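Notes for the one structure printed next.
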Amino acid sequence: MRALRFFEPGRVAGVDVPFPKPGPGEVVLKVHATGLCNSDIRVYLGEKKAAAGVIPGHEISGEVAAIGAGAEASVGETVSVCPILCCGSCSFCREGFRNRCQARQTLGYDLDGGIAEYVRIPAKLVAMGHLLPMDPATPPHLRALLEPFACVLNSIESLAIGAATPVAIVGGGPMGLLHLIAARAYGGGPVLVVEPEAERRTVALELGADAAVAPEDALAAGMEMTTGEGFRAVSLAAGIADAVPLALGLARRLGGINFFAGFPPGASHTLDLNRVHYDEVRIFGTQNAPFHLYAKAAAMIPRLPALDRVVTNRYALADAAEAYAARLGKSGLKSAVVV
Ligand SMILES: [Zn+2]
Ligand SMILES: [Zn+2]
């Protein structure tokens, strides 16, 4: 079968590999679509680690094609994948934070992922329920949003966004726009999106942002929207250390700031510490999502047609390497490889 391989930073290529066969407890999925994540691009750029020779792709949707002995699954079932393999017994796993397991491995980084015709799902992942049934009527590129949307729900819930929560989203790329759609679904608003590119600001307004402004206009616009108080919830959905003061400036007293996007290795920035002490602004991060939010994302995705606006670029498997180039050039929003 055809697949994409990551060899080293700067080098991915289409290759022929043997069809995976399911061992005991394993399942092989026929891939329908796999999303390309900003973190895949960071691996390509050498900012994030992945095993040399791995098939990338952790945002996987597909159908069950073959079942190993003892695996509980049914052939033909439409599923999306929670790609996190965890030990199941450490304190993080026991508390439900499989994404924080210290023995965590992830499909597409440590084990072969979904930019291929078929992908083998390890027995442990099958047994832990990480193949989530999805409505086959939902298009494949939207079913492939399960993992990124679960990550966004983790951000939204960690920021305690609910009815009428004023929200500022710094970064109007695909993940920022998913934040916007999710914040709206949770009843949040007004929502400000801060984004330097005019085209992305236009999309944000179409998707229901109350305002979408360039970074230099954000503080003035944000204070006007919140009668000078600032936002209860601020998500930094761009991994730019220099955007930290803006995120801090947009936060209301008692507000929360989530560092949602990963920063380049070694990134650091100074902080006005008294915003944390005197104003009780809480700063935290989220990465990936606990498992229950995958289940919630699976239920929400078919009900959110606006998600279609975020996946602008679709590539055939043969053109998967090109999808990397497009993301590097920031053309369009999110990309998916549709197999
Ligand atoms: Zn992802
Ligand atoms: Zn664990």
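The values are calculated or read from the model by the stated rules, or taken from the named source; none is laboratory data. Since this is a predicted model, take the numbers as computed values, not measurements. Reconstructed Cβ throughout: ideal geometry from the backbone, glycine too, with neighbour counts over all protein chains shown.
Being within 22 Å of PHE19 (Cβ to Cβ) and aliphatic (A, V, I, L, M) is true of ILE67.
Based on this model, can you work out whether VAL152 counts as of a type in the set (Val, Ile, Thr), away from ligand 1 (no atom under 14 Å from the Cβ) and either more than 21 Å from THR226 (Cβ to Cβ) or touching a residue at least 24 places away in the same chain (Cβ under 8 Å) (or both)?
Numbers: of a type in the set (Val, Ile, Thr): yes; away from ligand 1 (no atom under 14 Å from the Cβ): no; either more than 21 Å from THR226 (Cβ to Cβ) or touching a residue at least 24 places away in the same chain (Cβ under 8 Å) (or both): yes.
No.
ALA50 - would you say it is in the same structural domain as LEU131 (by TED's automatic domain parsing), crowded, with 17+ Cβ neighbours inside 10 Å, within 23 Å of THR138 (Cα to Cα) and touching a Phe, Trp or Tyr at 6+ places or on another chain (Cβ under 7 Å)? Considered against the rule, which asks whether it is in the same structural domain as LEU131 (by TED's automatic domain parsing), crowded, with 17+ Cβ neighbours inside 10 Å, within 23 Å of THR138 (Cα to Cα) and touching a Phe, Trp or Tyr at 6+ places or on another chain (Cβ under 7 Å), ALA50 comes out as no.
For every residue, the table says whether it meets (1) more than 16 Å from ligand 2 (Cβ to nearest atom); (2) more than 20 Å from PHE149 (Cα to Cα); (3) modelled with pLDDT of 95 or more.
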site	(1), (2), (3)
GLY25	yes, yes, yes
ILE41	yes, no, no
ALA52	yes, yes, yes
ILE55	yes, yes, yes
ILE60	yes, no, yes
GLU63	yes, no, yes
ALA66	yes, yes, yes
ILE115	yes, no, yes
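Entry remark, the range 10-55: residues being of a type in the set (Gly, Ala, Ser), outside any loop (DSSP other than H, G, I, E, B) and within 16 Å of GLN105 (Cβ to Cβ) number 1 in total. Condition test on ALA123, is it farther than 30 Å from GLU206 by Cα and within 16 Å of ligand 2 (Cβ to nearest atom)? For ALA123, the condition - farther than 30 Å from GLU206 by Cα and within 16 Å of ligand 2 (Cβ to nearest atom) - is not met. Just for the range 284-328: of the residues that are of a type in the set (Gly, Ala, Ser) and not in a helix (DSSP H, G or I), which one is surrounded by the most Cβ atoms within 10 Å (Cβ to Cβ)? Restricting to residues being of a type in the set (Gly, Ala, Ser) and not in a helix (DSSP H, G or I), the top hit is ALA289.
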